Amino acid sequence: MRADEFAFFRISCSYLGITGVEVRRLADAEVSTDSGVAALVSGFLTALAAEDGLRRSPSGRRLSLNAVELVALLVAELLDPNHSASSDGAGEMLARIRDHIEENLRNPGLSPESIARAHHISVRYLHKLFQNDGTTVSTWIRRRRLDSCRMELGRLSNRRRTVAAVAHRWGFANASHFSRLFRQAYGVSPREWQVSTEHSTGHSTGHSTGHSFETLGERSSR
């Protein structure tokens with residue numbers, strides 16, 4: 001893609017959780033891509049536009065969903081830059097949403113859209129809640145699923161269950177993709193983790209903790 005060329009990305013308002021009036025407000029907005037969310041969106045979309053094969057690859061849908069989530073974060077920031085999720089109401093809503101995610105981790109259809117519908121809020125507001133908490137909806141879901149898989153693979157009672165079966169049980173459709181995410185998060189493959197805990201009941205009965213979230217967040221950001 002040459003410097004004098006333009007790429008257009010069409011995203012339905014329903015995916016961004018905004019109205020026609022809000023779209024018109026955004027039409028006049030000036031956005032600097034020097035830093036922040038705008039810089040992330042610009043870099044990601046530029047990379048997609050430059051690599052036509054990337055967009056049309058088997059991972060194209062996942063990349064598209066990532067792009068939509070980033071754009072939704074930017075839209076939320078532009079429409080309501082002074083909004084804070086620190087109020088009691090927003091905090092309670094975020095807690096309920098996390099409980100909902102926990103209860104539906106095994107559902108492969110769990111998504112920002114389904115979560116927003118279940119809580120009668122817009123997708124835009126959902127993204128804003130997680131953004132102000134320092135993460136994204138998809139990242140949080142992935143963290144919880146990986147932690148759950150890690151716990152299950154570490155249990156002695158589950159030694160006969162395959163890595164692929166555990167991954168599928170917790171919402172990962174592709175075992176290879178799951179293995180890559182697991183190694184990125186914990187530094188070992190799922191099978192290596194399973195073997196390492198065979199003679200250690202202390203690790204095999206470990207609980208998901210805030211510490212494990214921090215570890216995963218740090219590794220995933222590299």
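The values are calculated or read from the model by the stated rules, or taken from the named source; none is laboratory data. The model shown is predicted, which means the values in this text are computed figures rather than measured ones. Quick note on the areas: whole protein, heavy atoms, side chains included, nothing else; ligands and nucleic acids left out. Shrake-Rupley method; radii C 1.70, N 1.55, O 1.52, S 1.80 Å.
Note on exposure: Glu77, Glu103, Glu30 ranked by accessible area (1.4 Å probe, complete protein assembly) read Glu30, Glu103, Glu77, with the most exposed listed first. Each of Phe172, Phe6, Phe182 has its accessible area taken with a 1.4 Å probe; listed largest first, they run Phe6, Phe172, Phe182.
Each of Asp28, Asp147, Asp99 has its accessible area taken with a 1.4 Å probe; listed largest first, they run Asp28, Asp99, Asp147. Annotation: Ser179 carries an accessible surface of approximately 40 Å², with a 1.4 Å probe and no ligand, DNA or RNA atoms counted.
Using 0.36 nm per residue and subtracting the Cα-Cα separation, the extra length available between Arg62 and Arg98 on full extension is 10.7 nm.
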